[in-house]
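This report refers to the structure that appears directly beneath it.
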Amino acid sequence: MLYNLVQIIEQSAKAFPNKGAFRYMEDSITYKELDIKSNQLAHYLITRGVKKGDRVGILMHRCLETSIAIYGILKSGAAYVPIDPFLPNERIKFLINDCDIKHLVSTDKQSKKIRKILLSKHNLETIIGLSDSQNIKTISWKRVYESLLEDYISVDILSDDLSYILYTSGSTGLPKGIMHTHASALAFAKLVVDLYGFKHTDIIANSAPLHFDVSILGYCSAPLASATTVIISDAHLKFPISLAELTEREKVTIWYSVPLLLIELLHKGDIQNKDFSNMRWVLFAGEAFATKQLRALMQLWPHAEFSNIYGPTELNQCTYYNLKVPPKTDNPIPIGTTWKNTEYKILDDKDNVVEPGEEGLLVVRSATMMKGYWNNKALTEASLYKYKIAEGFEHVYYRTGDLVKLNSNNELLFLGRKDSQIKLRGFRIEIGEIENILLNYQGVTEAAVIVTDIAKDKSLVATILTDGASEVSEDNLTVHCKNNLPIYAVPKQILILKSFPRTSSGKINRREIASMIKSSN
């Protein structure tokens, strides 16, 4: 019986020892090699004093060693904490100190950044993956792989032990660490494998960095099925044609990413002239996929099924909506229904369950739910909805912060963030509705509506991206909005941008857009 993530690799190493587990560029690692090398890393961490419940940081670009780092840390009994190497140094130091990270796994590529981090006060004792001395205990990957395992004793890992902590932006400006156990991560991995029928012959494209929860599918679900994960390099992600060529060359069968990458493949990847006949599932999550863009892609890949996956990091995703044929209208597609071992409620402002078809806050109870927020009991409690069953017994749900309603097919429709519903001049406005109207205009590929508050004058500013081939003007877009929205919801200004600032996970960085607008006025 599988009850922790470590057993995934051990199981696949026995069943398919010589099969490729992960590939990156021209390098690859088999399940047997991954099992041995992660044991070697675990052994070294244990000799350095790492024990169950400790947190070990991973500061890496996309590379083959990420798989060894994850499973080596897990085998030591610790939880891994992925740190985005593109973060400012001050933010990286905050994460290291906040999580009390004493051991960091990295590569020589990050030595310059690590050197700067070490100049200020820190808790670090060991850095693994560096070949040069940093006035701290360091060991190269080569020396880790030379470790003898005669004295290695495996750690007894329970399902409720911490497996990883993912940091996301908090409403206060400080990151919040989302704690997941082996049980919650394994539940997600199993649900994915079951729902999409993962097989050992599958080739999964992993485009997500470790600190983004989308990566869990490639690093956990794929190994559970003994499939092969292709880690896509930063360089390929910057050039859609190269990304399309890699996907074709690797004969990818399952794709999972934010919609942005698929939109870029659609418009700039020359995919109509490439062979993607091996693709059987295209999964997307993180943001809404404009329906007209989705339809265009589905028409080019009619052999593949598509699935809209929804869920916050706190839940490791929780709903899905599968599409076998392109949508007929431009209406936003549903987020569907919850998968197995999961249930939900839709609540009003007083935590009462709404009537079917009415709008409300989505709360979810699932085996995939987080343990809580690291070092923040108050925030954890505030994020939960507790439904009393009997004295001393209650069901605990996570408050997603998202507004939804059921359609006539009993499918969940995502209406937007609760905090994106605003009141402007006495009218309640849903930001997502305005963005959907803009996306329905020919030539608009992405849209982000920002609420500005300049000189105490609160107003709506829309920013859009175009496909570059259609004639799109601010005047025409304004007329389009006036024809489809109440006058109070029509943006005061519409800006056509060349690109959107993005978070490291590929999502639109709305805070940065708001700052850009404010500084230009």
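No lab work stands behind these numbers, since they all come straight from the coordinates. As the structure is a prediction and not an experimental result, all values here were calculated from the model. Ideal geometry is used to build each Cβ from the backbone, glycine not excepted, and the neighbour counts take in all protein chains shown.
Can you tell me the relative contact order of the chain? Whole percent, Cα pairs under 8 Å, sequence separation 6 or more.
10 percent
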Whole-Å distance, taken between Cα centres, linking the stretch 1-47 and the stretch 103-123
26 Å
Send over the Kirkwood Rh of the stretch 6-180, from the inverse of the averaged 1/r over different Cα pairs, rounded to one decimal Å.
16.5 Å
Check which residues have an amide H placed less than 5 Å from Ser159's amide H, if you skip close sequence neighbours.
none
Positive-pole candidate from Ser221, Pro332, Ser519, dipole of the chain, charges at beta carbon
Ser519
Cα gyration tensor shape for the stretch 425-520, rounded if a/c is under 1.5, else prolate or oblate
oblate
Interchain or sequence-distant (5+) residues whose placed amide H lies within less than 5 Å of the amide H of Thr138 are Ile127
Hey, what did the stretch 6-180 get for relative contact order, percent, Cα under 8 Å, at least 6 apart?
20 percent
Global form of the stretch 1-92, assessed from the alpha-carbon gyration tensor, a/c cut-off 1.5:
oblate
In this model, which of Lys292/Lys498; Lys386/Lys418; Lys113/Lys268; Lys19/Lys251; Lys112/Lys377; Lys93/Lys386 are farther than 26 Å apart at the alpha-carbon?
Lys113/Lys268; Lys112/Lys377; Lys93/Lys386
May I ask you to evaluate 6.51 cos²θ - 1.76 cosθ + 1.60, the Karplus curve with θ = phi - 60°, for each residue of the stretch 143-160 and list the ³J(HN,Hα) values in order in whole Hz, giving x for glycine and proline?
6, 4, 6, 8, 5, 8, 9, 4, 9, 6, 10, 5, 8, 7, 9, 8, 5, 8
For the stretch 342-414, Rg(Cα) over 2.2 N^0.38 Å is 1.17
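Please rank Cys99, Cys220, Cys63, Cys318, fewest neighbouring Cβ atoms within 10 Å first, as an exposure proxy.
Cys63, Cys99, Cys220, Cys318
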Which of the aspartates and glutamates could a cross-linker bridge to Lys176, judged by Cα under 16 Å and excluding same-chain residues fewer than eight apart?
Asp84, Glu90, Asp98, Asp100, Asp213, Glu314, Glu381
Non-local residues with an amide H under 5 Å from the amide H of Tyr167, with H modelled 1.01 Å from N and Pro and chain starts lacking one, are Ile178
Label selected from (i) 24.3; (ii) 29.1; (iii) 25.6, the criterion being Kirkwood radius over Cα pairs in Å as computed here:
(i)
Rounded to the nearest 5, what % of DSSP beta bridges with both residues in the chain are antiparallel?
60 percent
Order of Tyr71, Tyr344 under a 10 Å beta carbon neighbour criterion, fewest first
Tyr344, Tyr71
Net dipole in debye of the chain [+1 Lys, Arg Cβ; -1 Asp, Glu Cβ; about Cα centre; nearest 20]:
860 debye
Within the stretch 332-419, trypsin sites (Lys or Arg not before Pro) in DSSP loop having at most 16 other beta-carbon neighbours inside 10 Å:
Lys340, Lys350
If you plug each phi of the stretch 339-356 into the Karplus form 6.51 cos²θ - 1.76 cosθ + 1.60 with θ = phi - 60°, what whole-Hz ³J(HN,Hα) values come out, in order, with x for Gly and Pro?
7, 4, 6, 9, 9, 9, 9, 10, 10, 8, 5, 9, 6, 9, 5, 7, 6, x
Can you sort Glu394, Glu90, Glu359 by how many other beta carbons sit within 10 Å, fewest first?
Glu90, Glu394, Glu359
Charges at C-beta only: +1 for Lys and Arg, -1 for Asp and Glu. How large is the resulting dipole of the stretch 6-180 about its Cα centre, in Debye rounded to 20?
520 debye
Size of the stretch 203-337 as Cα extents on the principal axes (Å, biggest first)
39, 35, 25
Note down the relative contact order for the stretch 452-521 as a percent, whole number, built from C-alpha pairs under 8 angstrom at least six residues apart.
36 percent
Within straight-line cross-link reach of Lys142, lysines at Cα separation under 16 Å, skipping those fewer than 8 residues along the same chain
Lys37, Lys109
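Decide, for the stretch 230-278, between rounded, prolate and oblate: order the square roots of the alpha carbon gyration tensor eigenvalues as a ≥ b ≥ c, take rounded if a/c falls under 1.5, and otherwise choose prolate if a/b is larger than b/c, else oblate.
rounded
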In whole Hz, what ³J(HN,Hα) sequence does the stretch 245-254 give by Karplus (6.51, -1.76, 1.60; θ = phi - 60°), x for Gly and Pro?
5, 5, 4, 5, 5, 7, 6, 4, 9, 10
